[in-house]
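Read the figures in this text as sums done on the coordinates, not as results from a lab. The structure displayed is predicted, hence computed values, not measured ones. Methodologically, a virtual Cβ is constructed for each residue, glycine included, from the backbone with ideal geometry; neighbour enumeration extends over all protein chains shown.
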Amino acid sequence: MKLCNKTAVMVLALLAGGAMCWAQSGGEATYKAKCQMCHGATGEAETPAGKAMKVKPFSDPLLIKMSDTTIMNLTKNGSGKMPAFKDKLTDAQIKEVLQYVHELQKKK
């Protein structure tokens, strides 16, 4: 393979890899791994687990009015049937998830 062809292939590979990194934020990835099974892909708790546990959708006015500090504390310490994540996620990860949840709320 000629040098310019090798360079072109490398550039395309880097661009493709970079696009994949930008496609999903850390908060989105963590949400999908830790939260989506109950809260659902859209945050509307449309999953079997979410329905069974009567999880409130993120579009619920009470949740929208909650401060970020309150939501962070609920996530860290758990609430009702929601488990505590203080030993599973860092504060930074919880903040990233919260930012992603706000993005889901804006889509409603």
Pairwise label distance in nanometres, Met37 with Lys86, each label 7 Å out on the Cα-Cβ vector: 2.2 nm
The summed charge of the Val97 Cβ neighbourhood (under 9 Å; Lys/Arg +1, Asp/Glu -1) stands at 0
The answer for the net charge of residues other than Glu28 whose Cβ lies under 15 angstrom from its Cβ, with Lys and Arg +1 and Asp and Glu -1, is +3
Partners for Lys54 among lysines (Cα-Cα distance below 17 Å; same-chain residues under 8 apart left out): Lys81
Cut-off under 13 Å on the C-alpha distance; same-chain residues fewer than 8 positions from Lys108 excluded. Which aspartates and glutamates are left, in chain and number order? Glu44, Asp60
